[in-house]
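Note sheet for the following structure.
The values are calculated or read from the model by the stated rules, or taken from the named source; none is laboratory data. Quick caveat, the model's predicted, so the values are computed rather than measured. So basically every Cβ, Gly included, is an ideal-geometry build from the backbone, and we count neighbours across all protein chains shown.
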Amino acid sequence: MNKEKQTKKVYFISDFHLGIPDKENSLKREKLLIKWLDEIKNDASEIYLMGDVFDFWFEYKTVVPKGYLRFFGKIAEICDSGIPVNLFRGNHDIWAFNYLHEELNIQLHRKPEIKIIMGKKFYLAHGDGLGSGDKGYKFLRKVFEFKLNQWLFKWIHPDIGARMGLYLSRRSRIANLIKEGKKENNIKDKDEMLYKYSKDILKNDPSINYFIFGHKHIPRNSQLSKSSRLIILGDWLTNFTYAVFDGETVELKMYKS
């Protein structure tokens with residue numbers, strides 16, 4: 001096998017929430033993210049953005065939210081170089097439709113998927129709304145995904161709609177955690193919703209090697225079985241973590257610029 005192919009890696013990263021808590025701090029994270037992308041693009045065979053890239057995103061027919069041009073430019077450069085970039089939509093970028101694919105060639109994924117990557121079996125999803133419970137959010141997600149509601153929202157003038165979305169984002173629990181420099185509280189594996197969900201999936205398909213999720217913001221690398229692990233990617237708000245797969249194992253890392 002070609003030595004260059006042996007060194008190629010697959011990268012997973014999630015939860016940038018660009019746009020909060022304010023323009024200045026969002027821009028700092030965006031520039032740091034671009035620096036990371038520049039560092040990994042030479043040995044990346046594929047990149048997975050596992051959701052919540054933006055804290056608010058809505059695509060009108062002819063208008064998209066203002067900003068993020070540096071990030072878009074870097075992603076376009078990477079896609080144009082032949083490295084596939086995938087986005088598993090999260091609960092904050094649920095209204096990403098066709099723009100990111102048509103303009104940047106990002107491959108959009110709307111539901112959990114099982115993929116074989118370099119001989120290993122991966123279960124990939126953002127992580128929101130999986131498993132039992134959380135009925136309030138699941139109902140809200142159905143409201144947001146309902147086509148009529150999306151059609152009605154697009155008739156709100158973009159300046160008003162985007163301001164509404166960003167206003168609510170900047171008052172959110174996550175935005176307040178960033179302002180205070182705090183991290184979310186960790187919990188034990190047995191109490192983690194995605195841990196329990198993954199164990200249930202394994203009962204029907206024990207051949208899955210890795211479960212990769214975003215959403216929960218707390219980085220986690222947990223043993224599920226002798227041949228399976230759960231990786232929760234953390235975020236780029238307070239943790240600055242990501243995962244890399246070298247063909248043998250998945251390692252959870254913290255980015256140190």
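Values for this structure:
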read-out	value
Single unsatisfied condition, Ile34 versus (1) β-branched (Val, Ile, Thr); (2) touching a residue at least 40 places away in the same chain (Cβ under 8 Å); (3) outside any helix (DSSP H, G or I); (4) over 22 Å from Gly127 (Cβ atoms)	(3)
Qualifying residue in the stretch 55-67 (condition: at pLDDT 85 or above and within 11 Å of Ile106 (Cα to Cα))	no
Subset of the stretch 42-77 (residues that are on the phi < 0 side of the Ramachandran plot, hydroxyl-bearing (Ser, Thr, Tyr) and part of a loop (DSSP other than H, G, I, E, B))	Tyr60, Thr62
Residue count, the stretch 9-31 (criterion: within 25 Å of Gly82 (Cβ to Cβ) and in contact (Cβ under 8 Å) with a residue 60 or more places away in the chain)	7
Considering residues of the stretch 78-93 that are polar (S, T, N, Q) and part of a loop (DSSP other than H, G, I, E, B) only, the residue surrounded by the most Cβ atoms within 10 Å (Cβ to Cβ)	Asn91
Looking only at the stretch 159-177, and only at residues there that are buried (at least 16 other Cβ atoms within 10 Å of the Cβ), in a helix (DSSP H, G or I) and out of contact with any helix residue (DSSP H, G or I) (no Cβ under 7 Å at 6 or more places or on another chain), the one that is modelled with the lowest pLDDT	Leu177
Verdict on Phe213 being under 18 Å from Gly129 (Cβ atoms), of a type in the set (A, V, I, L, M, F, W, C) and at pLDDT 95 or above	yes
Hits in the stretch 94-121 (condition: touching a His at 6+ places or on another chain (Cβ under 9 Å) and either in a loop (DSSP other than H, G, I, E, B) or surrounded by 20 or more Cβ atoms within 10 Å (Cβ to Cβ) (or both))	Pro112
Residue check for Ile208: among the β-branched types (Val, Ile, Thr), over 15 Å from Lys226 (Cα atoms) and either at pLDDT 65 or above or surrounded by 13 or more Cβ atoms within 10 Å (Cβ to Cβ) (or both)	no
Candidate set: the stretch 58-77, residues that are in contact (Cβ under 8 Å) with a residue 60 or more places away in the chain and not hydroxyl-bearing (Ser, Thr, Tyr); chosen: the one surrounded by the most Cβ atoms within 10 Å (Cβ to Cβ)	Phe58
